[in-house]
Amino acid sequence: MLGVGLVAFGSRLGRRAFVVGAIPPAVATVWVATQLDSVTSGRPVMERLRWVGELGLSVDLRLDGLAATMSLIVAAVGVAVLLYAPRYFPPDAPDLGRLAGLLVLFGGAMLGLAQADHVVVLYTCWELTSITSYLLIGNRHTEARARAAALHALLVTGAGGLALLGGLVLLAQEAGTYRLSEILASAPREGAVVTAAMILILAGAMTKSAQYPFHAWLPGAMAAPTPVSAYLHSATMVKAGVFLVARVAPFFAATDLWRPLVLTTGCCTLVFGGLRALRQHDLKLLLAFGTVSQLGLLMVLFGAGTPATTTAGWMLLVAHAAFKATLFMVVGIVDHQTGTRDTKELPPLGRGWRSVEIVTVLAVVSMAGIPLGAGFVAKELAYDALNAGAFAGSGVVLAAAVAGSMLTVAYGARFYWGAFVEPRRRGVTEQTPAAEGPSLASLAPAAVLAVSGIVLGVVPGLGDRLATASLTGFGGDIPAVHLALWHGFGFPLVLSALTLAGGAVIFLSDRWLQPWLARGGALPSGAEVYLAALRALGTVSTRVTGFVQNGSLPVYAGVILLSAALLPAGALLVGRAWGGWPTFGSIREGPVAVALIAAAIGAAIVRRRFSAAVFLGVAGYAMAGLFVLSGAPDLALTQAVVETLTTVVFVLVMRRLPARFERQSSLRRRVGRIAIAAAVGVTVFVFALVAAGYRLGPPVSDEMVARAVPDGNGRNVVNVILVDFRGFDTLGEITVLAVASIGAVALARVGRRTAESSGEARTANIAVRRLAFVDVSVRVVFHAVLMTSLWLLFAGHNQPGGGFVGGLLAGCAITLRYVAGGIDEVRGRSRFRPWTVLGAGLLLAAATATIPLAAGGDVLEVAFASLSLPVIGAVKVSSALAFDTGVYLAVVGMVLMVFESFGDDPAEATT
Amino acid sequence: MTVMLAAAAATLFGLGTYLILQRKLSRIIIGLGLLTHGANVLLITAGRRGAPPIMGTGEAATFADPLPQALALTAIVITFGVTALLLALGYRSWLLTRDDEVQDDVADRAVARTDVVHDEVVDQAQVIAREEAV
């Protein structure tokens, strides 16, 4: 059923989208209706879809009486609203498809919420309704006001949702199950955990149901289009909170804190909302505060947690959905026809409005609790239940309920009076010409809802079985509920009469009351807290950003390096894994170590850029020496060649840069740098010593050595690791190389297209500067070096060498050509563009890696073939060679790219 | 691992760090180079050291550990790529400013100096709150 919500999501059907969107809720209505028989005879409909089995997550749905009631409301009002919406929006309004899709999506989420039997499913649907509500309130997203209101609603209900999640999880952990029905069926427990869970769940319910002092988002949410307000913010979404309370009340009602908390909040909301509603002259805002008030009453009735109050709440829930959605639709019609919903500006609504007026009266009758309306039945039940005094303080609650109901009568009258009577009294003026009546089609959904409210008021017995089924949460034998229009003479009837009279008095003494009511605006509410929190959030995040992200690269690097030094150092100090001092070192290592240290110091302190680069080169060659000593000829070769190339690249770039490093920075900064550097150095030193004496298991590479020949078919274990055992790494690496060299070319060449056009004039220049003997010797050596690089490539699998070294050596050969003839010489030698070479290499390597996959093997699986070639003799060709060739080509391509980036003549680059 | 090589690695790391904390891109690049060397020293000395790991040339037990070698080889080549990229950055910086100094991010500095936060949504929320308090 949830999935159905997505159907209309992408549709761009304009106004017709709403009609399409009405189908899923209509289907849902019919489905729930067909299940009613089963539900009311005490057999809840269960559904279970496995989701993430490992985590014990499943989509559990359970349709019991309460869920069926809520589902029916959601689905039926959904149909009405979606059929009403096409008449409300002008045909050319933008994004109607989106709106319709969101409404349907919301309906789906709401149905899920009503029927959820798994804590996580409940929470997910809860948040889904918050998010769709956010999107729907902010429907007119070009208006800052709508955005602000939407954000307010999202933040408040979202924060409540998080609290709810916390509470539900606490409760589920305590009960040992995540199924809602099982949790609630278990014996209620006392204790800190249950109390915390209760408060958190209540926080979720109260924010969602706009209880004082969290109510402020609901009036703001009236920025939404009226169909949205009618659906989400009166009939369904705001009911989620009270629905949840109704679910958990039987479980929590016995705890000490539950009733005081819920009843106080509910009563405050009830009275406060009613008083605020009396201040409004915007019809929609009036209804919004009326909703706040009614939600307070619902909170009281469900929260009281006795079967009698819950029955009253059930009746009010149904009645409220019908009359409030109707009234919202009426406001929408008025707004649509006249362009205003302010009672002070409304034009007189004449003949054509007779039908609207009747519908309004029917709804107001139900809202005010006048006999024959469904609201009357609810009110009688409520008074009766509260009068029974089943819990402490019920008298106070009863008084609050009566007071709140008086206010409801008063603002109901105010609504009718303000919309119809008052404008008529003013008569037609120049500013306010009479408005045309609406079409019957736009009124029909509202009329159906209003009439259903009256039908339920006259024959409330229709709901008997469902109301009874909604009480199953209380367990045990609940006597069947009999809803009746006439409860006989008694105290509740007296109270009802009193309510009507009081409401009339309040309405009539409106003029004297207004100054008093105006002071109510000064009452503290959650809005100030929300604003302050929002501002504080902005300020704090700006401060934090300003502090953490201060824009200075040295500071970032310093923080990273310092934490990289201090965290392991701390671990080393705590761990005390000291294996004793290792040996000092052999004689042969002496020169290498000294050279390394000296070169490093040199690179750090010299003031000339070239010298620093040369010192780095020295360190690199010292490394090559170390590799030779350590039994790593591959590394030594690679390091030596790389160092050569690196130095060349440095020279290419640094010939442009100033020769020396200028001004030293302040002493303070230098000290800071040295401190961080020392910390890093010391940590590394200690780490190296500790790690030396701390080997736990046999190295994994023993197995690699053993399997090199049988599995990898190569004798050079390092190369086998690179192209076979860890071939994926290598593939990733050459990809990085490709990206880096593309980046380098892009950075160096951007915006230089103009310079290229004048390149021909200089070709002659370069030719003149050529030296004959360099030219000749390069031509001789070039091919020799190239051949060597190819030999390294082919031999690499069995002897020191491989694609990397080969490619780099070929790069050196290219460098020679560059020295002889500049960039044009390099370009002339290669028939292919550098990026072609690079890409071909990458492609070859990737293809070698993936083709075995297509053939049904594993990635990078190696295949062999023995060929006997003339002259060379028998050659064993393995697919690893193809992979290595890819690496070779990629590296060559990269070197070509580097020359392409920096190789241009300086004169050219300055233009 | 020997004390001597540990000292060499530590020096490389320390001085590399010192250079990375500078503002001149050339020095940062050189610092990064030193840091890589230091890391490679650690890598290569972490495993067993011995004869070149080439089958058929001796007893497998005397071989140097090939895995750190493969890792170091990767590191060396990657560093070359990174160096080229960073040099391109320096080159670009030179094209634009005739220098290779890494300057502070102007927008970030502006945020750091901001005192008052103006947020349109917050302002609007306040307007709504005032209207409703009427």
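Values quoted throughout were computed directly from the atomic coordinates according to the rules given, and no laboratory measurement underlies them. The structure displayed is predicted, hence computed values, not measured ones. Cβ sites come from the backbone with ideal geometry, for glycine too, and all protein chains shown count toward neighbours.
Amide H contacts for A:Leu57 (H built 1.01 Å from N in the peptide plane; partners 5 or more residues away or on another chain; cut-off under 5 Å): A:Val52. Fewest-first ordering of A:Thr730, A:Thr264, B:Thr62, A:Thr226 by other beta carbons within 10 Å of each residue's beta carbon gives B:Thr62, A:Thr264, A:Thr226, A:Thr730.
Estimate the FRET efficiency between A:Arg669 and A:Val750 by the formula 1/(1 + (r/R0)^6), using the beta-carbon distance for r and 41 Å for R0, to the nearest 0.05.
0.80
Peptides A:372-384, A:463-475, ordered by how many other C-beta atoms sit within 10 Å of their residues on average, highest first, read A:372-384, A:463-475. A simple spin-label model places the labels of A:Arg354 and A:Ala196 6.6 nm from each other, with each point 7 Å out along Cα-to-Cβ.
Charged neighbours of A:Asn139, selected by a Cβ distance under 13 Å, balance to +2 (K, R count +1; D, E count -1).
Largest first and in whole Å, the equivalent-ellipsoid semi-axes of segment A:290-364 read 33, 13, 8, each the square root of five times a Cα gyration tensor eigenvalue. Based on the Kirkwood approach, the hydrodynamic radius assigned to chain B is 19.5 Å, with every pair of different Cα atoms included.
For the residues of A:736-743, the average number of beta carbons from a partner chain within 10 Å of their own beta carbon is 5. Take each residue of peptide A:591-602, count the partner chain Cβ atoms within 10 Å of its Cβ, and average: the result is 5.
Roughly speaking, what is the centre-to-centre gap between segment A:33-50 and segment A:351-373 when only Cα atoms are used, to the nearest Å? Centre-to-centre distance over Cα atoms comes out at 35 Å. Here the extension length gained between A:Leu573 and A:Ala388 equals 59.5 nm, from 0.36 nm per residue of separation less the Cα-Cα distance.
If you count, for every residue in B:37-46, the Cβ atoms of partner chains within 10 Å of its Cβ, what is the mean?
6
The ranking of A:Phe507, A:Phe415, A:Phe773, A:Phe728 from fewest to most other beta carbons within 10 Å of each one's beta carbon is A:Phe773, A:Phe728, A:Phe507, A:Phe415. The ranking of A:Val300, A:Val169, A:Val750 from fewest to most other beta carbons within 10 Å of each one's beta carbon is A:Val750, A:Val169, A:Val300. Each peptide in A:68-79, A:610-621, A:716-727, A:538-549 gets a packing score, the mean of other Cβ atoms within 10 Å over its residues, and the list from highest to lowest is A:716-727, A:68-79, A:610-621, A:538-549.
In vacuo Debye scattering of chain A, one point per C-alpha: log10 I(q)/I(0) at q = 0.06, 0.07, 0.09 Å⁻¹? Ignoring solvent entirely, the Cα scatterers give -0.67, -0.78, -0.91. For A:Glu436 and A:Ala678, the difference between the fully extended length at 0.36 nm per residue and the C-alpha to C-alpha distance is 78.7 nm. Relative contact order, whole percent, for segment A:770-822 stands at 44, derived from Cα pairs under 8 Å and 6 or more residues apart.
Helix A:440-458 and the longest principal axis of the Cα set of chain A meet at an angle near 60°. Look at where the Cα atoms of segment A:214-272 and of segment A:539-564 average out, and the two centres are 44 Å apart.
Based on the convex hull around the alpha carbon atoms, segment A:20-109 presents an average projected area of 7.2 nm².
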